[in-house]
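Take a look at the structure set out below.
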Amino acid sequence: MIGDMQNWTPNVAGIIEHAKKVHPKTEIISRLVSGEIHRSNYEEVCIRSRKLASVLIKDGYKEGDVLATLALNTYRHLEMYYGISGMGAITHTLNFRLHPEQAVYIINHAEDKIIFVETPFIPILEAIQDQIPNVEKFIVLCEENELPETSLKNAVSYEEYIKDGDENYTWPTLKDDAACGLCYTSGTTGNPKGVLYSHKSNVIHAQAALTAMTISPDDSILMVVPLFHVLAWGIPYFGPMLGLKLVMPGMQMEGEPLYELIEKEDITLAFGVPTIWMGLLAYCRENNKILSSVKNTIIGGSALSLATLQEFDEVHDVNVIHAWGMTEMSPMGTTNIPTPEMENMSKEEKYAVQLKQGRPIYGVELKVVDDAGNELPHDGESQGHLLVRGPWILQKYFKSDKDAVDSNGWFDTGDISVLDEDGYMTIKDRAKDVIKSGGEWISSIDLENAAFGHPEVAEACVVGIPHPKWDERPMLFIVTNSGEPIEKQSIIDFLSDKVAKWWLPDEIIFLKELPHGATGKLQKFELREEYNNHYMEK
Ligand code: AMP
């Protein structure tokens, strides 16, 4: 017997319609490319999304077409999220930091028909235009009178394009599991792979995410996480669901402009990756500034370090919530929200818990297995491959004819983790980055975090390099605050009481900067390649 409840085939546009009805005047604030602050609200964003959708249909676009954005975090990008997906097409978010070759591959693989482009990124597309023949039209995200000279085919300004759109357009009822958004993984080897989210997975993910963070309806959110990367962690959907004020920084993500925006807009909750917060904290430190309005920050994308956690807590009185996820998971998997037990813990005990990546959100199942696929105990010690399963986790990659999951639906995240008896998950490494020394594992993340606590260290990266005796030994790469090398021994002394003696790096190399990929993650393989023979030659 099946239930008697109504059939539900969601369209994400229902979210912005809800926000228009219930929170019409709640503000959407964006810093434009010019630096100017633009103020919109849910009512305006909804009406302009309807206009965009109606124009796309009039222009011949239809359900299932893939339309891309190469855009910053601004109100227009939010409108595209709803206008494109809501009429049944697929919003494909492109990352403007991609290498041109990868951008060409992705645009052709996705068969993008339109690219909506922010003015500073026009040259990126002009340079590859000849290699992306399927793109019929470029819509430039600017006012009619701001359209720059460009060789881009059929270029038109966004404002002119939507000008005659229908403000009263009604959204279609879509098929069950209709595709909604497309995002490619930042894959460091091989071609990037697409993850095609559905309306249903996005709606369920957003609802679940709301339960797994410290969000209240009067929060004012700083959305530093880019709209081009994993649907900005679901904020564009759960923000309007709850009527949260959204503040988007556009192009300016350095410490000073972020600080100004936070103070001016009374930000209470900020979402971002560790590198962005490191810039903000450094700015505050150097200029004696305090983040006065922020209560919570949600940090994910890379491991949170003790030094960052401590500075947020002790200097700014900001509670840090560590979160973990990935493109293939829409992205939220685990969050580390405060528990009643934490209130009775000492600072050190509390920090130790907060540094874990958190507990699974209801809907996500986790397990850790050994190399042979046997499930490992939740004892806080047994580390292995982290597998996940759930309704907002992919089944297969875009256009692939085979599943990305095993016969029981488990997806191998490529992360090496431990689970403990309280349900917390801690990431130890990426499987491809683990360091095996004398048959034992060294966690590059733990070692990096320890090094990062050194007062002179701005960034740290640990890589396993082949070694004639130990198989692999860690090599530590450091960028100092001043950019100049410091005494290696001072780093070793600093690490000595924080990690086991055999974990201490055999070599420390000072660099001016570390290699980062398009989404800000460390590209360890580049360092591994460059220093591959270092210990062998000694
Ligand atoms: P992406 O698909 O680009 O978002 O990358 C996902 C990967 O980023 C995960 O599989 C992890 O390796 C890493 N990652 C994400 N969040 C965290 C975190 N909080 N701590 C450590 N690694 C993380």
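A few notes on this one:
- Some residue of the stretch 511-526 being surrounded by fewer than 16 Cβ atoms within 10 Å (Cβ to Cβ), among the hydrophobic types (A, V, I, L, M, F, W, C) and in contact with a strand residue (DSSP E or B) (Cβ under 9 Å, 6 or more places away or on another chain): yes
- Screening ALA212 with (1) over 16 Å from the mean Cα position of the chain (by Cα); (2) under 28 Å from ASN108 (Cβ atoms); (3) within 16 Å of the ligand (Cβ to nearest atom) gives one miss only, at (2).
- Take the conditions (1) buried (at least 17 other Cβ atoms within 10 Å of the Cβ); (2) at pLDDT 95 or above; (3) of a type in the set (A, V, I, L, M, F, W, C); PHE96 misses just one of them, which is (2).
- Counting only strands (runs of 3 or more DSSP E) that fall entirely inside the stretch 432-475 and contain at least 3 residues that are within 16 Å of the ligand (Cβ to nearest atom), the qualifying elements are 457-467.
- Against the list (1) touching a residue at least 60 places away in the same chain (Cβ under 8 Å); (2) part of a helix (DSSP H, G or I); (3) surrounded by fewer than 24 Cβ atoms within 10 Å (Cβ to Cβ), the condition MET251 fails is (2).
- Residue satisfying condition, being within 16 Å of the ligand (Cβ to nearest atom), open to solvent by less than 20 Å² (accessible area, probe 1.4 Å) and either over 20 Å from GLY333 (Cβ atoms) or of a type outside the set (Gly, Ala, Ser) (or both), within set LEU244, LEU304, LEU280, LEU258: LEU304
- Against the conditions (1) of a type outside the set (Val, Ile, Thr); (2) farther than 25 Å from TYR237 by Cα; (3) in a loop (DSSP other than H, G, I, E, B), LYS367 satisfies every one except (3).
- Those residues of the stretch 412-445 which are open to solvent by less than 30 Å² (accessible area, probe 1.4 Å) and under 25 Å from TYR105 (Cα atoms), in sequence order: THR413, GLY414
Residue-wise test of (1) without any contact (Cβ under 8 Å) to a residue 60 or more places away in the chain; (2) hydroxyl-bearing (Ser, Thr, Tyr); (3) open to solvent by less than 30 Å² (accessible area, probe 1.4 Å); (4) in a strand (DSSP E or B).
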residue	(1), (2), (3), (4)
ARG359	no, no, no, yes
TYR362	no, yes, no, no
ASP371	yes, no, no, no
PRO377	yes, no, no, no
LEU386	yes, no, yes, yes
TRP392	no, no, yes, no
LYS396	yes, no, no, no
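- The set of residues in the stretch 231-241 that are open to solvent by 10 Å² or more (accessible area, probe 1.4 Å) and more than 14 Å from the ligand (Cβ to nearest atom) contains only MET241.
- Tally of residues being under 28 Å from ILE204 (Cβ atoms) and modelled with pLDDT under 95 across the stretch 369-383: 0
- Selection status of ILE361, over 25 Å from THR308 (Cβ atoms) and at pLDDT 95 or above: no
- Complete set of residues in the stretch 120-131 that are open to solvent by 40 Å² or more (accessible area, probe 1.4 Å) and touching a residue at least 12 places away in the same chain (Cβ under 8 Å): PRO120, ILE124, GLU126, ALA127, GLN131
The values are calculated or read from the model by the stated rules, or taken from the named source; none is laboratory data. Being a predicted model, the structure only gives us computed values, none of them experimental. Glycine also receives a Cβ, built like all others from the backbone with ideal geometry; neighbour counts cover every protein chain displayed. Heavy atoms of the whole protein, side chains included, go into the accessibility calculation; ligands, DNA and RNA do not. Shrake-Rupley method; radii C 1.70, N 1.55, O 1.52, S 1.80 Å.
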